[in-house]
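All remarks here apply to the structure that follows.
Only the coordinates and a few stated rules stand behind these numbers; no lab work does. What you see is a predicted model; the values in this text were computed from it and never measured. Here Cβ is always computed from backbone atoms with ideal geometry, including for glycine, and neighbour counts include all displayed protein chains.
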Amino acid sequence: MKVASGKKDFTNTYQMRTYYFCSESCLKSFEANPEKYLESMSIKRKGWWSRYLDRLNKVTGGKSPKCH
């Protein structure tokens, strides 16, 4: 779903940040419980090393790779 950030019809400022919504129903849902929607945004992204280790564990089944 695409939301134009310049459009001020469905906006909400919460904790000094402005959030833009596609419709009035989405805006009202956010206003009723903003923390519910912001929890999913607080997930930390993994760095390249963690992603590499995840891929390595997937390939090796969690066993240490053997060089010989």
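For segment 11-60, the fraction of C-alpha pairs farther apart than 17 angstrom is 52 percent. In sequence order, segment 15-25 has phi-based couplings of 6, 6, 10, 9, 10, 10, 10, 7, 8, 5, 5 Hz under the Karplus curve 6.51 cos²θ - 1.76 cosθ + 1.60, θ = phi - 60°, and Gly or Pro positions carry x.
Once the C-beta distance of T11 and R51 is scaled by a Förster radius of 30 Å, the resulting FRET efficiency is 0.30 to the nearest 0.05.
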